[in-house]
Amino acid sequence: MITSEKPVALHSSLLGSPEKDRIAHGFFTRIGGVSTGIYEGLNVGSGSNDNQDHVTENRRRVAQSLGAPLSRLLTVHQVHSPDVLTVTAPFSGDRPKADAMVTTTPGIVLGALSADCGPILFTDTEAKVIGSAHAGWRGAIGGVLENTIDAMVALGAKRGNIQAVLGPTIGPDNYEVGAEFYAQFTGADPSYSRFFRDSVNENHKMFNLWAFILERLSQAGVNASALEKCTYAEEDQFFSYRRTTHRKEPDYGRQISAITILED
């Protein structure tokens, strides 16, 4: 794995800039952390079995790179739900169960953990409204993306001004699913068959989660794009739940995508 003493993150100019818009973000890779073994690098998953002191230090590095103390980096207990929280301050007590957050409060860092599912960061740079969401297929089909956008609009964002960028997510060449999965999707909407192609394995399909998320975002009226980075394929950069499962490893790390409105 590539090594670095500092967290390495990918960026999208569409989400705004620290200098012009006072908004900072990063789609963080696994590079630049202190975890070891199967968690090597920047594992920020407190739900993993990694050394929790390492996880805390990794999270501190992420927060610091975005100009905030660790206490201001917020992540929820992700449960593949459509639920969105509007936050104004750090959580007290246990992390709430949800899969997205929105805010207008400077200095709060909104984070989405992932290890194949889709992390999406949102901005309306004019209204200074930001959001983060975690969307696998359950969350995406369940409405977490649309609910995040609605919550941003409720805070003053304009739908047509919102930029939504999909970060590192398992790609269409590595997301093989069975007949039951395909039937569930096409049962919800027969036109969803366009997000699948035949696999080399009988009775299996290859699912394009990238395209599915982007279409849901576009249909919700926002400007949507994707980094098109595959977590499964790029082991040096990303953790992957599916890759870990295929290798029969006991656990896996999580990377984070995070965004904040900088304090003046």
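If the condition is being farther than 12 Å from Val102 by Cβ, crowded, with 19+ Cβ neighbours inside 10 Å and out of contact with any helix residue (DSSP H, G or I) (no Cβ under 7 Å at 6 or more places or on another chain), then region 147-169 contributes Gly167, Pro168. Between Tyr192, Tyr182, Tyr175, the distinction of being in contact with a Ser or Thr (Cβ under 6 Å, 6 or more places away or on another chain) and at pLDDT 95 or above belongs to Tyr192 only.
Would you check if Ala188 is more than 19 Å from the chain's Cα centre (by Cα) and within 30 Å of Thr103 (Cα to Cα)? Taking the combined requirement at face value, the residue does not satisfy it. Restricting region 126-142 to residues that are among the aliphatic types (A, V, I, L, M) and under 16 Å from Ala188 (Cα atoms), the residue that is surrounded by the fewest Cβ atoms within 10 Å (Cβ to Cβ) is Ile141. A search for C-beta distances below 7 Å between a residue of region 63-82 that is in contact (Cβ under 8 Å) with a residue 60 or more places away in the chain and any residue that is among the basic types (Lys, Arg) and crowded, with 22+ Cβ neighbours inside 10 Å, counting only pairs 6+ apart in sequence or on different chains, returns Leu73/Arg59. Identification of strands (runs of 3 or more DSSP E) wholly contained in region 1-119 with 3 or more residues that are touching a Lys or Arg at 6+ places or on another chain (Cβ under 7 Å) and modelled with pLDDT of 95 or more yields 109-114.
Among the residues of region 236-256, which ones are of a type in the set (D, E, K, R) and farther than 24 Å from His25 by Cβ? Hits for region 236-256 are Arg242, Arg243, Arg247, Lys248, Glu249, Asp251.
Of the residues in region 209-229, none is more than 30 Å from Val153 (Cα to Cα) and surrounded by 14 or more Cβ atoms within 10 Å (Cβ to Cβ). The set of residues in region 91-112 that are crowded, with 18+ Cβ neighbours inside 10 Å, within 19 Å of Pro69 (Cβ to Cβ) and touching a helix residue (DSSP H, G or I) at 6+ places or on another chain (Cβ under 9 Å) comprises Met101, Ile108, Val109, Gly111.
The values are calculated or read from the model by the stated rules, or taken from the named source; none is laboratory data. Treat the numbers as computed from the prediction; the structure is a model and nothing was measured. Reconstructed Cβ throughout: ideal geometry from the backbone, glycine too, with neighbour counts over all protein chains shown.
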